[in-house]
Every structure is written in structure tokens, then in C-alpha cells.
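Student: Quick one: structure below, then a few questions.
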Amino acid sequence: MSINPPDQPLFTRNTLAAIRELDIAIAHHSDWLRQIHATLITDRPSSPTDLNVDAHHQCEFGKWYYGEGMAQHRGESDFAALERVHQAMHDAARRLLSHRVTATRIDLADYERFMDQAIQFKQELRAYQYSLIKQICTVDQLTGAWNRHAMSMKLGEESERTLRSGQPCAVCMIDIDHFKRVNDQYGHKVGDEVLQAFTSIVSIALRKYDSLFRYGGEEFLMLLPNTTLDNAAVLLNRIREALAATPITGSGGQVIHLTASFGVAQLGGHESVEDVLELADHALLAAKANGRNRVCVWDVPVL
């Protein structure tokens, strides 16, 4: 099986587009909110759309939310929370507007319920916007792996967790073998495509609680929570074999065979994060010195 890398990470393009479009959707929502209040306090007639049961689908914000462009975000909890609050807000607005249609008195509790929903919706909007911006700020823009900033935060969190729980956590340094040859022979564009393909191949093999970070250049770091060194070696050898068995096809039709070297150390005990990274780096150097395309475990007990 051969893998064809994209010209740049789809995640990044779509997330940047979502941030831009969300700003427009928020502006449409603000206009809708002003129109609702104008209808409630003046003789302005209600919009027929706002009286429909599916009004949350038909408003401008709803058209953005349910549009095809947001399909990749459907599984996100923050994105799902927007739907629930948005629909509840429209339901509360429809209840208020129905009083205008029937010329009956608006109950204060109904109005307060609507305002509570409108405020909560605004809070959910800002939370989702922040989560999108955070994703962009913590993701390597070339490969889609987490970046060094995210790596530092996650390493700190895992170090504290291992101290509290006593559960093991393996840290792995990865270096793509002879990557300079790829750049020299095919150019940096193909080199970038290889980095993207490498990330895709490795990510497919990871468990949902594992993390892959771009450490710099062709070096990556992998964090494997709840994993002993022995189990880490089994998982990493599986990834190493999958990588070696998967040719990468560049945009110019070049077929590139890739291997990588892996160095693993244990996070926990009284060693600092910096010391553990150094041990993993020592293991990586040992893997490269012993012929590359192998996993080397630094199994000196952590005190």
C-alpha cells in the first residue's frame, strides 16, 4: 500500500476557515438578537421564520452550523453544545413571539428564560471560538502533529499524573532515517510531503490517549501514557514495521521508502522531564549507532 500526502494539512485549512466563518456567524446572531428585541418592544411584525419549529436551522447562524463546511467538527463536544443551546434559545424566542402574535401578555419568566439562553449561547460561542484558536496555536502547521508548546504542557501534566498515580508513561524520541537525503534528492517540497505522510502513518497506529508531537525538523516525540517500556517497545516496533512497509508517493510521482529510529525512556519517579527527554535522546542515538530502523529502550531504573 502506498500513501499520498496532502499538499498541506486539511485540518489547518478547515480550522482557519471555521474561525473566519464563525466571526461572520456571530455577527449574524447579533443582528438576529437585535431584531427579536425590536419585535418585542415595538409594533414590528414577527418574522415567519422565527415562529417555525426548525427556526434554529433557518437562521443565518443555523445555516453556517449545519453547512457542509462544518462536517469535520461534528464530533467535538464544544461544537455539539452550541446546537443544544442554540435550539433552546430559538424555542424560548418562539414562545415570546407567539404572545405577540396572539396579543397576549408576555410572562416575565419566559423573557428571563430567553435571556438566560441567549447569554449562555454567547458564552458557548466564545468557548468554541477559543477552542479553535487553541487548536491552531498548539498544532504544527506543516504536519498536523502537536507542536513544542503543546508538548511542554502535556509532558508536565503526564509527569504530575505519574507521580500521583504511580502509573507508567513511556516517552519516545523518533528520528526519520536519512531524511536529509530526501531533501537533497527531491527538494524541500517533497521533504514536507514526506513529513506529512510520516505523521499520518504513525498517527493511524496510535491509541486514542497517545500523543505525537513534532520536536523539530524530522524529529518527533511520542507520549504513551499507562505504558511500560516493554509494552512501548512492542507498539513502537509495530509502528516501525508499518512505516518501513508503506511507500510514500510524492506529488511528482516519486516513490520514497522511509524508516525511522526510536529511543524510549520511562517518565516518572524523581527524574525531571528534561532528564527523561535526555535519556530518550540517548536511546535514540543508540538506535542510530546500531544501524537505524530500530527501537532502543533506555531501561536503567528510574529512581
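The values are calculated or read from the model by the stated rules, or taken from the named source; none is laboratory data. Not measured: the values here are computed from a predicted model. We place every Cβ from the backbone using ideal geometry, glycine too, and count neighbours over all the protein chains shown.
Student: Is it fair to say H257 is loosely packed, with under 14 Cβ neighbours inside 10 Å, more than 19 Å from Q167 (Cα to Cα) and not aliphatic (A, V, I, L, M)?
Tutor: Against the criterion (loosely packed, with under 14 Cβ neighbours inside 10 Å, more than 19 Å from Q167 (Cα to Cα) and not aliphatic (A, V, I, L, M)), H257 qualifies.
Student: For the range 192-226, how many residues meet the condition of being more than 19 Å from V297 (Cβ to Cβ) and aromatic (F, W, Y)?
Tutor: Qualifying residue count, the range 192-226: 3.
Student: Consider only pairs whose beta carbons are under 8 Å apart and that are at least six residues apart or on different chains; among these, list those whose first residue lies in the range 75-90 and is in the same structural domain as H57 (by TED's automatic domain parsing) and whose second residue is aliphatic (A, V, I, L, M) and modelled with pLDDT under 85.
Tutor: Within 8 Å, the pairs are F79/M70.
Student: Return the pairs, sorted by first residue and then second, in which the second residue is surrounded by fewer than 20 Cβ atoms within 10 Å (Cβ to Cβ) and aliphatic (A, V, I, L, M), the first residue lies in the range 132-147 and is under 21 Å from V202 (Cα atoms), the beta carbons are less than 7 Å apart, and the residues are 6+ apart or on different chains.
Tutor: Here the result reads I136/L16; T138/A150, each pair linking the range 132-147 to a residue that is surrounded by fewer than 20 Cβ atoms within 10 Å (Cβ to Cβ) and aliphatic (A, V, I, L, M).
Student: So, restricting to helices (runs of 4 or more DSSP H) that lie completely within the range 1-117, which ones have at least 3 residues that are farther than 23 Å from L132 by Cβ and modelled with pLDDT of 90 or more?
Tutor: Details: elements: 10-41, 55-58, 60-65, 77-102.
Passing ranges, in order: 10-41, 77-102.
Student: Continuing with this model, one more query. Kindly indicate whether Q123 is assigned by TED's automatic domain parsing to the domain that holds T39, over 30 Å from A244 (Cα atoms), modelled with pLDDT under 95 and surrounded by 14 or more Cβ atoms within 10 Å (Cβ to Cβ).
Tutor: The answer is no for Q123.
Student: Next question, about the same structure. Is the range 142-151 home to any residue that is part of a helix (DSSP H, G or I), closer than 28 Å to H270 by Cβ and among the aliphatic types (A, V, I, L, M)?
Tutor: Checked against the condition, which is being part of a helix (DSSP H, G or I), closer than 28 Å to H270 by Cβ and among the aliphatic types (A, V, I, L, M), the range 142-151 yields at least one hit.
Student: Please tell me if A242 is in contact with a strand residue (DSSP E or B) (Cβ under 8 Å, 6 or more places away or on another chain), within 17 Å of I176 (Cα to Cα) and aliphatic (A, V, I, L, M).
Tutor: Taking the combined requirement at face value, the residue does not satisfy it.
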